[in-house]
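Structure record follows, encoded as structure tokens.
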Number of protein chains: 2
Amino acid sequence: MSEPARSDTGVTAPKGFLASGIHCGIRRDRADLALLVSRHEASAAAVFTRNEVLAAPVVLSRAALEASGGRAQAILVNAGNANACTGEQGDRAARRSAEALAGLLDLPPDRVLVASTGVIGQQLPVERLIDGLPRAVAALSVEGGADAAEAILTTDTHRKESVRRVEAPGGSYTIGGMVKGSGMIHPDLATTLAFVTTDAVLPAVVLSAILRRAADRSFNRLTVDGDTSTNDMIGLLANGAAGVAASADGFERALTELLVELARAVARDGEGATRLITVQVTGAAGEPEALAVARTIAGSLLVKTAVHGADANWGRIAAAAGRAGVALRPAAMTVKMNGLTVLSPGFLSDYSEAEASRRLGLDEVVLEVDLGAGDGEATTWTCDLTRGYIDINANYRT
Amino acid sequence: MSEPARSDTGVTAPKGFLASGIHCGIRRDRADLALLVSRHEASAAAVFTRNEVLAAPVVLSRAALEASGGRAQAILVNAGNANACTGEQGDRAARRSAEALAGLLDLPPDRVLVASTGVIGQQLPVERLIDGLPRAVAALSVEGGADAAEAILTTDTHRKESVRRVEAPGGSYTIGGMVKGSGMIHPDLATTLAFVTTDAVLPAVVLSAILRRAADRSFNRLTVDGDTSTNDMIGLLANGAAGVAASADGFERALTELLVELARAVARDGEGATRLITVQVTGAAGEPEALAVARTIAGSLLVKTAVHGADANWGRIAAAAGRAGVALRPAAMTVKMNGLTVLSPGFLSDYSEAEASRRLGLDEVVLEVDLGAGDGEATTWTCDLTRGYIDINANYRT
């Protein structure tokens, strides 16, 4: 089969992947079913939410990866219904949808991964989903990557895709990804739904550890609102279609870059967000201490509202650092806001509030916090907290 | 000295306590200096924030209690400036204000406790505070309890006081309290500023442990926004003026009740809040597990916004429970909202959304969550999250 022109945006940018996004009727008037298929069986890995309440598709996909020994060929995603807290009926619905797709594609059912996102606690209208599958399969194309990226969104305001091309000794290969945000997002429990494809040759046995480390340096450093979904999953398919063997190191580096780009896109488009906030902590005793402080600052509602108000209230940053569970010498701290030093060691703060406010009004705000204690550093991402978040979440189901 | 008629509201309800609240000019046009004095030296105890960034008054008051062996006679509180992250100049300001008051009252400086609340990172205008002290001392009265309760407020919309009268074998005694909220509030690190007086006879040696346990069952189960102040303190003075010895158990029970009432008042008046939310978790493996789940639910922005929108989105409660770090059988959970069962074991939910929405629209919302696993139970308090919180905190300093 001749290879058609490549999409240059998302999951169909790597060779041998097709995708589609259609409306099957789970949501009223918005695409709600995404399909991602590799032309050939691929090595596969995934990280899942660590929430104790697991959605049916999470349980099923984890079992499928175990049964197949890390092989998969298709990923089926629906938006508009999380299929979580839906009991045995929900388990059956997830299984039936995977089996129906496997039937259409002539695959063993355990080569299909499923994911869902949307309202928790309502039964998935699985007949509508299954009825939509033939159309989704018929629509599969290289150009369909963008449609798939659109169909997985919930409160996101736009689709989020990313691509990396990597030069390796044997030639070049490509990594493509798509992700949806944009609430119920918090570190350390995988986060949100993200799907990554690559045409590099990579054995399944290394894929899982690479994905876990890359997720730890990207999505696990992202918080929107401190809540963690029942459905989170990052799925990765490596189909080898480029015929180029990737070095584990090179692939991990490129994958991490791609996931960081997607994670930042999620933060920037967090529910109600007007600004991307990057929190860079340096000078901690070690990386774990830096990460704890960075996460606590990124999670602070008071920091997030102050940035929203373009108020250089660095005292809130210091107070958040102080409750991170890390020993701290407050008088050794330095805080910069988009490059402007607002706190120097010894609690010296001498800056123009007008200039600070101007810098906090930019689209992206970088908060640099140096603890003056060692060499540990870590970066996290979040967004400002606005009336928009309240409006979205006070009326999510209505 | 004859005992004047008792105030029946707050810290001057117990015998032998006087208070005042005046404007000394730290804030523009609002009372900002509160004074609480016992006619005789009292047994004293306090719990302080566990934030690593400690405000100067916290450091000073802790040292004073150590130096005096748990004795104190006066508490001086200012609002409008936290005197936190203010370095040695801030330490000096706290010390000078305590010494100035001690001079006026003819007390050893270590019999004065000081507390501050307000903006972090600005130097306390200590001359204005010291200049105001003679007026504050002159204004001391039994009726001044309400003025003191007013002068310690920040973003609170009204003052918060409480009184308990306790019948003991030797007669009756009284406990009175005042508190300020209403943001930067989160469990386990003492929380906010609260001051409690009693005329019971209680040795200092038992006071500290009693206060710690009572705080653990009240303020440490309260969250408004997950942020913890650099200035939190609960101070307790027991002056023995009633001449009645309190049993440790009876006093602890009454003190806990009083602190719970004050904690609930803080939640109800949380920044921007329109509703008090009580989260009651039962059926956990033990109390620590119940508390972890209750705190996580109370801290969830998605739960708090759903209550604000009167949306019976119980899936968010289940999802929050699932990330509490506690082993959980989701299918065993029951969730009630103001008495209406919205989730039964096996993920059966069959209720009227209209009725649920009506119940969530009440001033107080009780979320009952049974985990179906054991006998552990715990209660926490919080409030809904609204546009008002954003508006207050995006522009706090301006």
Exercise for the section: Give the range B:281-303 a look and list any residue that's among the hydroxyl-bearing types (S, T, Y) and in contact (Cβ under 8 Å) with a residue 40 or more places away in the chain, or say none. Expected result: B:T282
Handout entry: Tabulated pairs, the range B:77-88, first away from chain A (no Cβ under 11 Å) and under 16 Å from B:I152 (Cβ atoms), second basic (K, R) and surrounded by fewer than 24 Cβ atoms within 10 Å (Cβ to Cβ), C-beta under 6 angstrom, 6+ apart or interchain
Key = B:G80/B:R27
Fill in the blank from the handout: Counting only residues in the range A:348-370 that are polar (S, T, N, Q) and more than 14 Å from B:N395 (Cα to Cα), the one nearest to the other protein chains (Cβ to nearest Cβ) is identified as A:S349
Handout entry: Condition check for A:S247: away from every other protein chain (no Cβ under 14 Å) and under 30 Å from A:N393 (Cβ atoms)
Key = no
Fill in the blank from the handout: For the range B:304-327, pairs from a residue that is facing chain A (nearest Cβ under 7 Å) to a residue that is among the charged types (D, E, K, R) and not in a helix (DSSP H, G or I), with Cβ under 6 Å and 6 or more apart or across chains, are B:H308/B:D384; B:D311/A:R397; B:N313/A:R397; B:G322/A:E52
Handout entry: Where A:E150 falls short, out of the listed (1) surrounded by fewer than 24 Cβ atoms within 10 Å (Cβ to Cβ); (2) modelled with pLDDT under 95; (3) farther than 20 Å from A:A56 by Cα
Key = (2)
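Can you confirm whether A:V281 is part of a strand (DSSP E or B), crowded, with 24+ Cβ neighbours inside 10 Å and not assigned by TED's automatic domain parsing to the domain that holds A:D156?
Answer is yes for this residue.
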Completion exercise
The condition of being charged (D, E, K, R) and within 14 Å of chain B (Cβ to nearest Cβ) holds, among A:E261, A:E257, A:E289, only for A:E289
Exercise for the section: Could you look through the range B:328-347, keep only residues that are in a strand (DSSP E or B) and either touching a Cys at 6+ places or on another chain (Cβ under 9 Å) or farther than 18 Å from B:G361 by Cα (or both), and pick out the one that is nearest to the other protein chains (Cβ to nearest Cβ)? Expected result: B:L343
Handout entry: Residue among B:S20, B:S61, B:S97 that alone is away from chain A (no Cβ under 14 Å), hydroxyl-bearing (S, T, Y) and part of a strand (DSSP E or B)
Key = B:S20
Exercise for the section: Being under 25 Å from the mean Cα position of the chain (by Cα) and more than 14 Å from chain A (Cβ to nearest Cβ) is the filter; apply it to the range B:102-116 and report the residue that is nearest to A:A318 (Cα to Cα). Expected result: B:A115
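I need the full set of residues from the range B:377-398 which are within 22 Å of B:G315 (Cα to Cα) and more than 7 Å from chain A (Cβ to nearest Cβ), in order please.
Taking the range B:377-398 and keeping what is within 22 Å of B:G315 (Cα to Cα), we get B:377-386.
Within the range B:377-398, B:E377, B:A378, B:T379, B:T380, B:W381, B:T382, B:C383, B:D384 qualify.
Does A:E41 fit the bill of being surrounded by fewer than 19 Cβ atoms within 10 Å (Cβ to Cβ), over 18 Å from A:R128 (Cβ atoms) and either at pLDDT below 95 or in contact with a strand residue (DSSP E or B) (Cβ under 7 Å, 6 or more places away or on another chain) (or both)?
It is true that A:E41 is surrounded by fewer than 19 Cβ atoms within 10 Å (Cβ to Cβ), over 18 Å from A:R128 (Cβ atoms) and either at pLDDT below 95 or in contact with a strand residue (DSSP E or B) (Cβ under 7 Å, 6 or more places away or on another chain) (or both).
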Handout entry: Index of the failed condition, A:A84 passing every other in (1) among the aliphatic types (A, V, I, L, M); (2) in the same structural domain as A:G145 (by TED's automatic domain parsing); (3) modelled with pLDDT of 95 or more
Key = (3)
Practice task
Please work out if B:L107 is outside any helix (DSSP H, G or I) and under 16 Å from B:S38 (Cβ atoms).
Solution key: yes
Exercise for the section: May I ask you to verify whether B:E261 is under 19 Å from the mean Cα position of the chain (by Cα) and part of a loop (DSSP other than H, G, I, E, B)? Expected result: no
Practice task
Just give me the residues in the range A:192-214 being within 11 Å of A:A44 (Cα to Cα) and either assigned to a helix (DSSP H, G or I) or in contact with a Lys or Arg (Cβ under 6 Å, 6 or more places away or on another chain) (or both), in sequence order.
Solution key: A:A204, A:V205, A:V206, A:L207, A:S208, A:L211
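Rundown of residues vs (1) of a type outside the set (D, E, K, R); (2) surrounded by fewer than 22 Cβ atoms within 10 Å (Cβ to Cβ), yes/no style:
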position: B:A318; (1), (2): yes, no
position: B:R323; (1), (2): no, no
position: B:M337; (1), (2): yes, no
position: B:T341; (1), (2): yes, yes
position: B:P345; (1), (2): yes, yes
position: B:E353; (1), (2): no, yes
position: B:G376; (1), (2): yes, yes
position: B:W381; (1), (2): yes, no
Problem - Any chance A:S97 is of a type in the set (S, T, N, Q), at negative phi and in contact (Cβ under 8 Å) with a residue 40 or more places away in the chain - result: no
Exercise for the section: Working only within the range B:350-395, note down all residues that are in contact with a helix residue (DSSP H, G or I) (Cβ under 7 Å, 6 or more places away or on another chain), outside any strand (DSSP E or B) and of a type outside the set (D, E, K, R). Expected result: B:L360, B:L371, B:G372, B:A373, B:L385, B:T386, B:I390, B:N393, B:A394
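Okay, residues lined up against (1) touching a helix residue (DSSP H, G or I) at 6+ places or on another chain (Cβ under 9 Å); (2) at pLDDT 90 or above:
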site: A:R221; (1), (2): yes, no
site: A:D232; (1), (2): yes, no
site: A:N239; (1), (2): no, yes
site: A:V244; (1), (2): no, yes
site: A:V260; (1), (2): yes, yes
Handout entry: Options A:R30, A:R50: the member that is more than 14 Å from every other protein chain (Cβ to nearest Cβ) and either among the basic types (K, R) or not in a helix (DSSP H, G or I) (or both)
Key = A:R30
Practice task
Would you tally the residues in the range B:116-141 being of a type in the set (A, V, I, L, M, F, W, C) and either assigned to a helix (DSSP H, G or I) or surrounded by fewer than 16 Cβ atoms within 10 Å (Cβ to Cβ) (or both)?
Solution key: 7
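The values are calculated or read from the model by the stated rules, or taken from the named source; none is laboratory data. None of the values given here were measured: they were computed from a predicted structure. Ideal geometry is used to build each Cβ from the backbone, glycine not excepted, and the neighbour counts take in all protein chains shown.
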